[in-house]
Amino acid sequence: MMRMLQMVVVSGLVLATGGGPKAEPAPAADSAADAAAARTGIDAGNAQYMAYFTGGHPDSIATLFADDGRMMAPNAPMATGRAAIAAGMASMTGAKLTLVLTSLAVEASGPLAVDAGTYKFSITPPGAKDPINDTGKYLSHWRKTGDKWLMVDNIWNSDMVMPTMAAPKP
């Protein structure tokens, strides 16, 4: 028992004096310059996305993604690559569309960035008299390629409660 107490005391002294294992230095925080540069490029990409979406241009939307980009729309299979992304977006061609993206935070480190935000969406399918409105949140992973920021991953989900689910309690 005495031997164990001695080991505990010695271990405590070693750790207290810094003689224990050295902690790895914390990674440097994302620089303000990286985040500012990324935000500029991502804001421009988001503005193009909204214009292409509202204008019904699925091929143009696909150009905002990296060649290996992934679009992860709710209630749909993942679309990987520009051709699949354009095909996935083409299902809305002919509808009256509006989209507003609001970026809440951009975190960046070198050529990689993440944009988190909210969206407001409205679609009036051909022949429908009333629009379907939706609000929700999104998360996009971006990569700087050359002098342009391109989406690598884009996922979003609705704030609307599914008809079979109870509304969450506040």
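Criterion first (surrounded by 18 or more Cβ atoms within 10 Å (Cβ to Cβ), in contact with a helix residue (DSSP H, G or I) (Cβ under 9 Å, 6 or more places away or on another chain) and not in a helix (DSSP H, G or I)) does residue 71 satisfy it? Judged against the criteria, residue 71 is a match. Could you tell me whether region 155-167 includes any residue that is at pLDDT 95 or above and touching a Lys or Arg at 6+ places or on another chain (Cβ under 6 Å)? Scanning region 155-167, I find no residue that is at pLDDT 95 or above and touching a Lys or Arg at 6+ places or on another chain (Cβ under 6 Å), so the answer is no. Across region 93-109, the number of residues qualifying as more than 19 Å from the chain's Cα centre (by Cα) and either surrounded by 15 or more Cβ atoms within 10 Å (Cβ to Cβ) or of a type in the set (Asp, Glu) (or both) comes to 2.
Within the set of pairs 6 or more residues apart or between chains, which connect a residue that is closer than 17 Å to residue 154 by Cα inside region 89-106 to a residue that is basic (Lys, Arg) with Cβ atoms less than 6 Å apart? From region 89-106, the pairs are 100/120; 106/39. When you scan region 39-55, do you find a residue that is among the charged types (D, E, K, R), surrounded by 16 or more Cβ atoms within 10 Å (Cβ to Cβ), free of Cβ contacts under 8 Å to residues at least 24 places away in the same chain and farther than 29 Å from residue 161 by Cα, even just one? Checked region 39-55: no residue is among the charged types (D, E, K, R), surrounded by 16 or more Cβ atoms within 10 Å (Cβ to Cβ), free of Cβ contacts under 8 Å to residues at least 24 places away in the same chain and farther than 29 Å from residue 161 by Cα.
Could you grab me the full set of residues in region 113-135 that are loosely packed, with under 15 Cβ neighbours inside 10 Å and in a strand (DSSP E or B)? If the condition is that a residue be loosely packed, with under 15 Cβ neighbours inside 10 Å and in a strand (DSSP E or B), then 116, 120, 132, 133, 135 are the ones that fit.
The values are calculated or read from the model by the stated rules, or taken from the named source; none is laboratory data. All values derive from a computational prediction rather than experimental measurement. Positions of Cβ are backbone-derived with ideal geometry, glycine not excepted, and every protein chain shown enters the neighbour counts.
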